[in-house]
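Data first, discussion second: the structure below is written as structure tokens.
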Amino acid sequence: MRDIDLAAEIEILARLLASIASHFGLIHFTLMDVPKPRAAIAPALVHCTTLPRPFIESHDHVGLLRSVTFVPAHRRAGTPLQWSLDDILKCDDLSRTDFAQRMRALGINMGVVFTFAADMGRQTALLFFGNREPLGSKEELALTRIARRALRRHGELRDPPGHPMGSLSARETEVIRWTAEGKTSHEIGGILGLSDHTVNAYLANAIRKMDCVNRAQLVAKAIRLNIID
């Protein structure tokens, strides 16, 4: 029951973040775990997003956060980081050029990133993307306050006090089983009557509980431990 409630709460949070993005003249958002240095982005790290799924999946090879160079100093500071495609293209880096082309195809020319330090050495990032001038100081301050609340709330939903770690729910196991069959989140959602956001929430929970970094490792570990066939 708790996992169903969690998925529902994350869907509510996702709708709220989409509304907040629109209010600030931004067009997309992504709430995700920050990957470890040199780790590739996996769609399973994304808890909720309005970016097209193929766009997220295409960054398995180039690395979404590394493409924008969200430097470690920013992660420690915990302050917002604004970026623009013009700044990214000033650097002679093919991965950044590729990132810029992908962003432009979505009508995106800038963005802002917020990070939040969670427990177990984990960090969560909230990314907003838009096609507008940089946020003014008042806008940035207002969005920072909102982002901190959203990230804090997401952390509370994921790790409520006293919640036992490591045990998979029946629904999480079912989603892992379909993932092992090669199904995408969209396909699994269609089979189980769930939204993409809900499926991703189950997978993200399972990845955290199993101490994995992506879907492939999660599936391999679940098979090795005889959690799924």
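The values are calculated or read from the model by the stated rules, or taken from the named source; none is laboratory data. For clarity, every value in this text was computed on a predicted model and none was experimentally measured. Reconstructed Cβ throughout: ideal geometry from the backbone, glycine too, with neighbour counts over all protein chains shown. Ligands, DNA and RNA are stripped out before the accessible areas are found, and what is left, the full protein with its side chains, is counted by its heavy atoms. Shrake-Rupley method; radii C 1.70, N 1.55, O 1.52, S 1.80 Å.
Going residue by residue through region 67-87, is there one that turns out to be open to solvent by less than 10 Å² (accessible area, probe 1.4 Å), at pLDDT 65 or above and not acidic (D, E)?
Within region 67-87 (the criterion being open to solvent by less than 10 Å² (accessible area, probe 1.4 Å), at pLDDT 65 or above and not acidic (D, E)), the answer is yes, since at least one residue qualifies.
Would you be able to tell me the number of residues in region 131-147 that are of a type in the set (S, T, N, Q) and over 22 Å from the mean Cα position of the chain (by Cα)? Give the steps one after another, and end with the answer.
At the first step, the residues of region 131-147 found to be of a type in the set (S, T, N, Q) are 131, 137, 144.
Remaining after also requiring over 22 Å from the mean Cα position of the chain (by Cα): 137.
Summing the residues that are of a type in the set (S, T, N, Q) and over 22 Å from the mean Cα position of the chain (by Cα) in region 131-147 gives 1.
Identify the residue in region 169-187 that is open to solvent by less than 50 Å² (accessible area, probe 1.4 Å) and in a helix (DSSP H, G or I) and, among all such residues, is farthest from A204 (Cα to Cα).
Going residue by residue through region 169-187, those that are open to solvent by less than 50 Å² (accessible area, probe 1.4 Å) are 169, 172-173, 175-176, 179-180, 185.
Restricting the remaining residues to those that are in a helix (DSSP H, G or I) gives 172-173, 175-176, 179-180, 185.
Details: E172: 9, T173: 12, V175: 11, I176: 11, T179: 12, A180: 15, S185: 12 Å.
Among residues in region 169-187 that are open to solvent by less than 50 Å² (accessible area, probe 1.4 Å) and in a helix (DSSP H, G or I), the one farthest from A204 (Cα to Cα) is A180.
Exactly one of (1) assigned to a helix (DSSP H, G or I); (2) open to solvent by 50 Å² or more (accessible area, probe 1.4 Å); (3) modelled with pLDDT of 90 or more is unmet by E133. Its number?
Evaluating E133 over (1) assigned to a helix (DSSP H, G or I); (2) open to solvent by 50 Å² or more (accessible area, probe 1.4 Å); (3) modelled with pLDDT of 90 or more leaves (1) as the failure.
Which residue is surrounded by the fewest Cβ atoms within 10 Å (Cβ to Cβ), if the candidates are limited to region 188-229 and must be of a type in the set (S, T, N, Q) and under 16 Å from E11 (Cβ atoms)?
Initial filter on region 188-229 (of a type in the set (S, T, N, Q)): 195, 198, 200, 205, 214, 217, 226.
Restricting the remaining residues to those that are under 16 Å from E11 (Cβ atoms) gives 195, 198, 200, 205.
Working: S195: 16, T198: 25, N200: 29, N205: 23.
Within region 188-229, the match that is surrounded by the fewest Cβ atoms within 10 Å (Cβ to Cβ) is S195.
Scan region 107-122 residue by residue and report those that are within 30 Å of M210 (Cβ to Cβ), open to solvent by 40 Å² or more (accessible area, probe 1.4 Å) and either at pLDDT 75 or above or in a helix (DSSP H, G or I) (or both).
To start, the set of residues in region 107-122 that are within 30 Å of M210 (Cβ to Cβ) comprises 113-122.
Subsequent filtering for residues that are open to solvent by 40 Å² or more (accessible area, probe 1.4 Å) retains 116-117, 119-121.
Passing the criteria: only F116.
Would you point out which residue out of R38, R104 is in a loop (DSSP other than H, G, I, E, B) and either at pLDDT 80 or above or among the basic types (K, R) (or both)?
Working: R104 fails: in a loop (DSSP other than H, G, I, E, B).
On inspection, the qualifying residue turns out to be R38.
Based on this model, can you work out whether L143 counts as open to solvent by less than 20 Å² (accessible area, probe 1.4 Å), on the phi < 0 side of the Ramachandran plot and not in a helix (DSSP H, G or I)? First the steps, then the outcome.
Details: open to solvent by less than 20 Å² (accessible area, probe 1.4 Å): yes; on the phi < 0 side of the Ramachandran plot: yes; not in a helix (DSSP H, G or I): no.
It is false that L143 is open to solvent by less than 20 Å² (accessible area, probe 1.4 Å), on the phi < 0 side of the Ramachandran plot and not in a helix (DSSP H, G or I).
Out of (1) under 21 Å from F116 (Cβ atoms); (2) surrounded by 13 or more Cβ atoms within 10 Å (Cβ to Cβ); (3) modelled with pLDDT under 90, the odd one out for H163 is which?
(2)
Go through region 196-215 and count every residue that is assigned to a loop (DSSP other than H, G, I, E, B) and in contact with a Ser or Thr (Cβ under 9 Å, 6 or more places away or on another chain).
Initial filter on region 196-215 (assigned to a loop (DSSP other than H, G, I, E, B)): 210-214.
Restricting the remaining residues to those that are in contact with a Ser or Thr (Cβ under 9 Å, 6 or more places away or on another chain) gives none.
Of the residues in that region, 0 qualify.
Based on this model, can you work out whether H197 counts as at pLDDT 90 or above, under 25 Å from F29 (Cα atoms) and not polar (S, T, N, Q)?
So H197 fails the test.
Looking for whichever is at pLDDT 85 or above and within 30 Å of M110 (Cβ to Cβ) here; the options are R171, R177, R148, R152. Which one fits? Spell out how you get there, then give the answer.
On the way: R171 fails: within 30 Å of M110 (Cβ to Cβ); R177 fails: within 30 Å of M110 (Cβ to Cβ); R152 fails: at pLDDT 85 or above.
Only one candidate qualifies: R148.
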